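Values quoted throughout were computed directly from the atomic coordinates according to the rules given, and no laboratory measurement underlies them. Because the structure is predicted, anything quoted here is derived from the model rather than measured. Here the Cβ positions follow ideal geometry from the backbone for every residue, glycine too, while neighbour counts run over all protein chains shown.
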């Protein structure tokens, strides 16, 4: 699990790292919408080519992405299988009375690629943006909500903390798995019913620990007199540069390409 | 059940930017019934090494032999008490919590209650705690229950990873006295990871010093703490006060005679040295 890189910032010197967090946030939200609404493989492939190019520009190691993907590969492949067997349509092949349909396989592969693309986008976004810059980005994107009296400061902070806590929760889960394995609880072998039951031995202490951690964090922020509301100053002010304009221009072209293809 | 480690290396996150070599070419032999302390700065590989002995990790290179065999998964003969082990609790009562591991390892249910009470007693807890919720206990009691949960499994080797972290001296003593008793009376191999040098001096007959994934010192704590005092200080560790006292006294030109690092013996030696 330690290999899952989602939420882990990797300080490198790349064009994507240097982009304004607001640009990256607009980019990831747009990409997520495009990925989720893409219904045919050609559109998904265009998005993959785009994400591949961004990945290369970000200089994030491909091996890291692969290790992260490998962890969830079973679930992703399972979605292909489920769709292949249970989507009605033209029969492609039969296996022990069950039929794999052409439509099911197409749908399964599409969902597989969509989930992979979302994961990839998430890794690139969190891997190239430090948590504090994320807060800035969220604050900006939520700023129109200020007029509706929604606490934008708190909301953006919650989002940033949630992302920041992904790696912490992953390592905590890993630690709990080790502790429970030493009590003879098996997660990788044995009947499926027993393995599902074993998950409760992780989930319950993990929840308890997460609430405790959240309470400690809230308390430590309180004692430092932190307030999410109000006009906060920034140590490093973000500035919108030419490269951000170029990135948004490229994004606009992508939207046209995906919508018109 | 001796433990042999041959040329053991282990890497975390291999092939990623987060790659860390936690252990580098370690050779070690632990005899049956030994009491060993493992010390070293944070990130020196102490816990990783101990978790290899429990079968939680597969070595990147080399091998670990427990009783002449390489373990496949968790070795039932090796008990492991993790740092903040009380985080694992989820059951309604201490009884349920203790029964889970016992059931999983297929031990006889007829003897459960006797063994549970014996394990609780070893760490200074009474039978009253049995039906209480583990979440309602004090931090010290929780930790002692976590240790008892390992003891009930009847391990031949017991590994304690910083068991006294954050505990008051009384609770710490109850855990260490209880587990050390197992070593003395039943010959259980005792491995203690700790940053408290006083504990190592009191409860271990051999100490391993680790730094950056390697064992850089191995010997009886009484000798090693004195001979390697500068190394320990350089690594950011604090040698026992008795060792610091002796070293300071010697530096002033006094020759103190002693056989063991025992406060009474040292005070006699100091008196003799002062009287010339």
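Residues of segment B:1-31 falling in the label zone of residue A:70, defined by backbone nitrogen less than 12 Å from a point 7 Å along Cα to beta-carbon, are B:13-16.
Taking Rh as the Kirkwood radius computed over C-alpha pairs, what is the Stokes-Einstein D of chain A at 10 °C in a medium of viscosity 1.306 mPa s, expressed in µm² per second?
On the way: Rh = 21.2 Å.
Taking Rh from Cα pairs, D becomes 75 µm²/s.
If you take the Cα centroid of segment B:6-68 and the Cα centroid of segment A:157-199, the two points sit 23 Å apart. Once the Cα atoms of helix B:241-251 and of chain B are each reduced to a long axis, what angle between those two axes, in degrees from 0 to 90 to the nearest 10, is obtained? Taking Cα atoms only, the helix is inclined about 20 degrees.
I need the per residue convex hull volume for segment B:117-162, using only the alpha carbons, in cubic angstrom as a whole number. Let's see the in-between values first.
Details: hull volume 3.5 nm³, N = 46.
Once divided by residue count, the hull of segment B:117-162 is 76 Å³.
Between residue A:36 and residue A:249, the modelled label-to-label distance comes to 3.0 nm, taking each label 7 Å out from Cα in the direction of the beta carbon.
With the highest mean first, a sort of the peptides B:54-67, A:16-29 on other beta-carbon atoms found within 10 angstrom per residue produces A:16-29, B:54-67.
Taking the Kirkwood radius as the inverse of the mean 1/r across Cα pairs, report the Rg/Rh of segment A:189-231. Spell out each step's value before the answer.
Numbers: Rg = 17.9 Å, Rh = 13.1 Å.
We get a ratio of 1.37 for segment A:189-231.
If you take the Cα centroid of segment B:81-156 and the Cα centroid of segment B:238-259, the two points sit 42 Å apart. The percentage of C-alpha pairs in segment A:113-261 whose separation is greater than 22 Å is 62%. The ranking of A:136, A:215, A:172 by Cβ neighbour count inside 10 Å, starting from the fewest, reads A:215, A:172, A:136.
Between A:220, A:84, A:14, the residue with the greatest mean-square fluctuation in the GNM of chain A (Cα pairs under 10 Å linked by springs) is A:220.
Using the count of nearby Cβ atoms within 10 Å as a rough guide to exposure, how do B:224, B:131 rank from fewest to most? Can you show the working numbers first?
Working: B:224 24, B:131 11.
The order, fewest Cβ neighbours first, is B:131, B:224.
Pair-distance distribution P(r) for segment A:153-228, from all Cα-Cα distances in 5 Å bins starting at 0: 3, 13, 19, 20, 14, 10, 8, 6, 4, 2, 0 percent.
Counting helices only, and only those DSSP H runs with n ≥ 4, report the 222 nm mean residue ellipticity of chain A as the sum of -39,500 (n - 2.57) divided by its residues, in deg cm²/dmol to the nearest 500.
Values: 9 runs with 184 residues, N = 261.
After summing the helix terms and dividing by residue count, I get -24500 deg cm²/dmol.
Measuring spread by the Cα atoms of segment A:1-136 yields a radius of gyration and Dmax of 17.2, 56 Å. Enclosing the Cα atoms of segment B:183-231 in their convex hull gives a volume equal to 86 cubic angstrom per residue. Between A:113, A:76, A:95, the GNM of chain A built on Cα springs shorter than 10 angstrom shows A:95 fluctuating the most. Taking every Cα-Cα distance in the protein assembly as shown and sorting them into 20 Å bins from zero, the calculated P(r) comes out as 17, 41, 32, 9, 1, 0 percent. Note on residue A:78 and residue A:256: their simple-model spin labels are 4.3 nm apart, each label 7 Å out from Cα toward Cβ.
Computed over chain B, the per-residue total of -39500 (n - 2.57) for DSSP H runs of n ≥ 4 gives a 222 nm mean residue ellipticity of -11500 deg cm²/dmol, rounded to 500.
So in the protein assembly as shown, what percent of DSSP beta bridges are antiparallel if you round to the nearest 5? Spell out each step's value before the answer.
Details: 22 of 39 bridges.
Within the protein assembly as shown, antiparallel bridges account for around 55 percent of the total.
Just to check, using Stokes-Einstein with a Kirkwood Rh over alpha carbon pairs, what's the diffusion coefficient of segment B:14-91 at 20 °C and 1.002 mPa s in µm²/s? Rounded to a whole number, D works out at 147 µm²/s. Projecting label points 7 angstrom from Cα along Cα→Cβ for residue B:254 and residue B:20 puts them 4.3 nm apart.
Pairs of Cα atoms in chain B fall into 10 Å distance bins, from 0 up to the last occupied one, in shares of 6, 27, 31, 23, 10, 3, 0 percent. P(r) tail, segment B:154-223: Cα-Cα pairs separated by more than 19 Å, 35% of all pairs. Both radii were evaluated on the Cα set of segment B:135-266; the Rg over Rh quotient, with Rh as the Kirkwood radius, amounts to 1.01.
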